[in-house]
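K.L.:
Right, I'll just put the structure down here and ask away after.
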Amino acid sequence: MIESTVPRNVLVTGGNGFLGASVVRGLAAAGHHVVSGDLTEPPSTVSGVDHVLLDVTEAGSVERAFAGRDVEVVVHLAAVVTPGKNSSREHQYAVDVTGTGNVLDACRAHGVRRVVVSSSGAAYGYHPDTGAAHDGWLTEDDPVRGNEAFPYSRHKRLVEERLAEMRSSHPELEQVVLRIGTILGARVENQITALFEKPRLLKIRGADSPFVFIWDSDVVAVIERAVTNPITGVFNVAGDGAMTVDEIAAALGKPTLAIPEPVLRGALALGSRLGVTPYGPEQTVFLRYRPVLDNTRLKTVFGYTPSYTSAEAFQAWRTAR
């Protein structure tokens with residue numbers, strides 16, 4: 001097991017990203033030898049951090065990032081979380097799935113001791129029986145069933161299936177897999193927060209559609225701890241509790257717009273065909289059957305208690321806005 005007091009040689013993929021940049025700074029401040037890899041040079045340098053141009057979709061690029069650096073721990077954050085307007089499913093797959101495979105292959109080839117992977121609650125998928133065995137809450141023992149209709153959800157499932165196979169075939173590579181809930185932070189803007197900026201919050205009639213939130217600095221702290229904590233395994237990363245759409249609307253002082261699922265599905269289908277919305281009829285499943293993450297194992301096994309509950313994280317985000 002990795003001793004927590006010993007500095008390590010750490011490669012961070014996606015090191016220029018929102019989380020990656022904070023993780024790189026934190027690991028360097030803790031005395032680790034950090035290599036930050038991304039598609040472009042970072043906007044600013046961090047003392048003691050080496051930077052390497054890294055395209056995870058190209059095996060040769062990944063190999064060059066590892067070569068001669070005696071990497072002991074890899075923090076793999078490179079992924080397409082919010083696709084750009086011109087992003088294709090093929091590109092997203094290349095980054096999320098093929099890219100992760102390239103990184104894992106390099107970990108094996110170079111004798112890396114541990115890989116820390118940012119997965120997502122989306123890996124569980126969006127299903128009518130999500131969390132049914134635990135009163136709606138999902139534990140790490142529940143299966144990952146990422147939906148085919150949602151590339152990000154599907155890709156996280158495929159990555160986790162590969163990781164599960166490797167835990168059996170290559171146990172020498174330690175794994176910490178983090179299934180992260182909806183991240184909020186003072187500077188976070190994404191497709192989820194965009195829903196909360198609307199004059200009225202859309203909801204499926206008859207569905208609570210609960211959200212679990214985690215503050216961004218808590219995610220960074222968990223990732224940094226995963227580099228040195230001797231505990232390995234799969235962990236849900238979310239604050240305590242959840243918030244329904246009605247509770248979110250009340251906190252914002254906004255009304256909700258409750259629409260029957262068939263009506264919304266039909267409207268999205270039409271809007272998608274006409275090109276007036278990027279979302280198709282499958283989006284009603286995303287809104288209706290949200291995975292709600294139980295964080296008990298994060299607190300009791302991994303040893304980290306988030307500083308904010310879901311409600312507190314949302315309040316902090318609202319205040320920052």
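K.L.:
Of all residues in the range 261-297, count the ones that are in a helix (DSSP H, G or I), in contact with a Phe, Trp or Tyr (Cβ under 8 Å, 6 or more places away or on another chain) and modelled with pLDDT of 80 or more.
P.N.:
Total meeting the criteria: 4.
K.L.:
Please go through the range 183-212 and give me each residue that is among the small types (Gly, Ala, Ser) and under 19 Å from Thr319 (Cβ atoms), ordered by number.
P.N.:
Listed by number, the residues that qualify are Gly185, Ala186, Ala194.
K.L.:
Here's another thing I want to ask about it. Out of all the residues in the range 199-236, which are touching a Lys or Arg at 6+ places or on another chain (Cβ under 8 Å), assigned to a loop (DSSP other than H, G, I, E, B) and either of a type in the set (Asp, Glu) or more than 23 Å from Gly136 (Cα to Cα) (or both)?
P.N.:
Of everything in the range 199-236, those that are touching a Lys or Arg at 6+ places or on another chain (Cβ under 8 Å), assigned to a loop (DSSP other than H, G, I, E, B) and either of a type in the set (Asp, Glu) or more than 23 Å from Gly136 (Cα to Cα) (or both) turn out to be Pro199, Arg200, Thr232.
K.L.:
Just the residues that are part of a helix (DSSP H, G or I) and more than 30 Å from Gly280 (Cα to Cα), please, taken from the range 151-187.
P.N.:
Leu163, Ala164, Glu165, Met166, Arg167, Ser168, Ser169
K.L.:
Which one of these does Gly241 not meet: (1) at positive phi; (2) part of a strand (DSSP E or B)?
P.N.:
It is condition (2) that Gly241 fails.
K.L.:
What are the residues in the range 13-36 that are over 10 Å from Leu77 (Cα atoms) and part of a strand (DSSP E or B), if any?
P.N.:
Listed by number, the residues that qualify are His33, Val34, Val35, Ser36.
K.L.:
Name the pairs: first residue in the range 159-176 and farther than 13 Å from Arg108 by Cβ, second residue in a loop (DSSP other than H, G, I, E, B) and modelled with pLDDT of 95 or more, Cβ to Cβ under 6 Å, at least 6 apart or on different chains?
P.N.:
Taking only residues 6 or more apart or on different chains, the pairs are Glu160/Val144; Val176/Thr232.
K.L.:
Evaluate the following for Ser87: is it in contact with a helix residue (DSSP H, G or I) (Cβ under 6 Å, 6 or more places away or on another chain), outside any helix (DSSP H, G or I) and among the small types (Gly, Ala, Ser)?
P.N.:
Taking the combined requirement at face value, the residue does not satisfy it.
K.L.:
Which number in (1) assigned to a helix (DSSP H, G or I); (2) farther than 30 Å from Gly241 by Cβ; (3) among the small types (Gly, Ala, Ser) marks the one condition that Gly68 misses?
P.N.:
Here Gly68 clears every test but (1).
K.L.:
Okay, next question. Of the residues Glu189, Glu148, which is free of Cβ contacts under 8 Å to residues at least 12 places away in the same chain, over 28 Å from Ser217 (Cα atoms) and surrounded by fewer than 15 Cβ atoms within 10 Å (Cβ to Cβ)?
P.N.:
Just a single option satisfies the conditions, and that option is Glu148.
K.L.:
Would you tally the residues in the range 244-260 being touching a Lys or Arg at 6+ places or on another chain (Cβ under 9 Å) and either part of a helix (DSSP H, G or I) or under 19 Å from Ser153 (Cβ atoms) (or both)?
P.N.:
6
K.L.:
Can you tell me which residue is modelled with the highest pLDDT among those in the range 78-93 that are closer than 22 Å to Ala21 by Cα and surrounded by fewer than 22 Cβ atoms within 10 Å (Cβ to Cβ)?
P.N.:
Ranking the qualifying residues of the range 78-93, first place goes to Gln92.
K.L.:
When both residues are 6+ apart or on different chains and their Cβ atoms are under 7 Å apart, which pairs have a first residue that lies in the range 102-116 and is small (Gly, Ala, Ser), and a second that is at pLDDT 95 or above and crowded, with 16+ Cβ neighbours inside 10 Å?
P.N.:
So the pair list comes out as Ala106/Val62; Ala106/Phe66.
K.L.:
All but one of (1) surrounded by fewer than 16 Cβ atoms within 10 Å (Cβ to Cβ); (2) of a type outside the set (Gly, Ala, Ser); (3) out of contact with any Lys or Arg (no Cβ under 9 Å at 6 or more places or on another chain) hold for His170; state the number of the condition that does not hold.
P.N.:
Tallying (1) surrounded by fewer than 16 Cβ atoms within 10 Å (Cβ to Cβ); (2) of a type outside the set (Gly, Ala, Ser); (3) out of contact with any Lys or Arg (no Cβ under 9 Å at 6 or more places or on another chain), His170 fails exactly one: (3).
Yes/no matrix, rows are residues, columns are (1) at pLDDT 95 or above; (2) surrounded by fewer than 24 Cβ atoms within 10 Å (Cβ to Cβ):
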position	(1), (2)
Leu195	no, yes
Ala207	no, yes
Ile214	yes, no
Ile223	yes, no
Gly233	yes, yes
Val237	yes, no
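K.L.:
Quick one: in the range 244-263, which of the residues that are over 16 Å from Asp208 (Cα atoms) and of a type in the set (A, V, I, L, M) is surrounded by the fewest Cβ atoms within 10 Å (Cβ to Cβ)?
P.N.:
Only one residue fits best here, namely Val263.
The values are calculated or read from the model by the stated rules, or taken from the named source; none is laboratory data. No experiment lies behind these values; they were computed from the predicted model shown. All Cβ positions, even for glycine, are placed from backbone atoms using ideal geometry, and neighbour counts span all protein chains on display.
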